[in-house]
Amino acid sequence: MKKTTITLSLIATLTMSVSASGGLMDKAKKAGLQPIPEDKTALFKLTDNPKNPVTDKKVELGKKLYFDPRLSKSGLISCNTCHNLATGGVDGVGPATGHMWRHNPHHLNSPTVYNAVFAKRQFWDGRSPDVEDQAQGPMQASPEMAATKEHVEKVVRSMPEYVKEFQEAYNDPKFVPTFKDVADVIGDFERTLVTPSRYDDYLNGNENALSKEEKEGLKVFIDKGCASCHNGVALGGSMQPFPVAKPYKYANVGDFKGDKNGMVKVPTLRNILETRPYFHNGAVWSIEEAIKIMGETQLGTTISDEEAMKIKAFFGALTGKKPYVRYPMLPASNDKTPKPNLK
């Protein structure tokens, strides 16, 4: 009789555990949280751009150009300089720093390039609709790569290897790459930079993918209202007013006020523990402080030390598996290639 009672008790405990886990999973989905699909076809539908179809040849060419510093005026700065794929897709400093070590004039921080494809808008003010359009900006921005469209075109067209790769990628033997084409293939490469995590495994049905502490953190994250902005596959990526309930305590760092309506792009929380510093101006280095600031600034609530630690534990489950990227060997410069200009 005793053995039967223990067995029934164990079954009841396991049933409650599974039910609680399933309840949290449903709660997360009802809050608007969505996983990266496990199915490759479903994922491709999310990451592809019908106006700029992703192909293997375009992705490989885009990867080379992503790492090529000669697209910059100085010949020293590539896309990877500020969006370093080895360090969470960011540069790890407060303000983005580029040509002649100039800081972004608004003290804006470099967002991660990983999972950028899932965002509804690009740039902190949301001025670009997709990663292809976004890729055009840094190449021309004076405090970043400081190049002109003409410079980028001259660099690429000067190297027969690049021209041939464009012709093969676009299946046109007479294809002459333009500045937009360069940005487009870089965008194609960036569309492959997705990082599925244990969080996705959990939402895709694996109840054991998260630890007890991570599940507790997910529950607090939802209950506090964080998912009202950090939702969807990107866990962010939409435009929201900032601040909402209380002034941002580091608003004096830089002069960024958002777009014309005071809207700011919500950063993705994927790999958040790898992408310090935080906020649009990179003013916060502690994830616990960032969590508390978001509570008071956006949600009008106090997040305790204990709650912040629980949410941080959940954030650990958002650290995803990075795609393997082999550093490319680039074609050699020649007499037609524009020379570096350090001024």
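Quick note: the coordinates plus some simple rules give every number you see, no bench work behind them. These numbers were taken from a predicted model, which means no experiment stands behind them. Neighbour counts are summed over all protein chains in view; Cβ atoms, including those assigned to glycine, are modelled from backbone coordinates with ideal geometry.
Between E288 and N252, the distance separating the two model label sites (each 7 Å from Cα on the Cα→Cβ line) works out to 2.5 nm. Residues whose amide H falls under 5 Å from that of L33, counting only those 5 or more places apart or on a different chain, are G232, with hydrogens built in the peptide plane.
Over all Cα atoms in the range 111-235, the spread is summed up by Rg and Dmax: 19.9, 59 Å. Rounded to whole numbers, the Karplus 3J(HN,Hα) couplings from phi for the range 224-240 are 6, x, 4, 6, 5, 10, 8, 9, x, 5, 6, 6, x, x, 9, 9, 9 Hz, using 6.51 cos²θ - 1.76 cosθ + 1.60 with θ = phi - 60°, and x at Gly and Pro. Over its Cα atoms, what ratio of radius of gyration to 2.2 N^0.38 Å does the chain give? With N residues counted in the chain, Rg over 2.2 N^0.38 Å equals 1.12.
Here is the result for the range 235-331: no GluC sites (Glu not before Pro) lie in DSSP coil with at most 10 other C-beta atoms within 10 angstrom of their C-beta.
The ratio of the alpha-carbon radius of gyration of the range 44-190 to the globular-protein estimate 2.2 N^0.38 Å is 1.00.
Taking the range 91-140, which trypsin sites (Lys or Arg not before Pro) meet the DSSP loop condition and have no more than 16 other C-beta atoms within 10 Å? Qualifying residues, ordered by number: R102, K120, R127. Dipole of the chain computed with +1 at Lys/Arg Cβ and -1 at Asp/Glu Cβ about the Cα centre; of C82, N104, T55, farthest Cα towards the positive end is N104. Between V163 and L43, residue separation times 0.36 nm minus the direct Cα-Cα distance comes to 40.2 nm.
Length available on full extension from L273 to Q34: 0.36 nm per residue minus the Cα-Cα distance, which gives 84.1 nm.
In the range 121-247, taking the dipole from charged Cβ atoms about the Cα centre, the farthest positive-side position among N206, G232, P173 is held by G232. Counting only Cβ charges, +1 for Lys and Arg and -1 for Asp and Glu, the dipole size of the range 44-190 around its Cα centre is about 220 debye. Taken about its Cα centre, the chain carries a charge dipole of about 120 debye when Lys and Arg each add +1 at the Cβ and Asp and Glu each add -1 at the Cβ.
In straight-distance terms, cross-link reach from K224 covers every one of the aspartates and glutamates whose alpha-carbon lies under 20 Å from its own, apart from those fewer than eight places away in the same chain; here that gives D26, E213, E214, E216, E288, E289, E296, D305, E306, E307.
Between K260 and D133, the contour length at 0.36 nm per residue exceeds the Cα-Cα span by 43.7 nm. Of the DSSP H helices in the chain, those with a Cα length along their own long axis of 20 Å or more and a mean Kyte-Doolittle hydropathy reaching -0.5 comprise 2-30. Using only Cα coordinates, the Kirkwood hydrodynamic radius of the range 230-343 works out to 16.9 Å.
Compactness ratio for the range 143-215: Cα radius of gyration over 2.2 N^0.38 Å (N = residue count) comes to 1.83. Compute the FRET efficiency between V325 and K57 as 1/(1 + (r/R0)^6), taking r as their Cβ-Cβ distance and R0 = 22 Å, and round to the nearest 0.05. Efficiency, rounded to the nearest 0.05: 0.85. Annotation note: chymotrypsin sites (Phe, Trp or Tyr not before Pro) in the range 255-343 located in DSSP loop regions with a Cβ neighbour count of at most 14 within 10 Å are W285, Y324.
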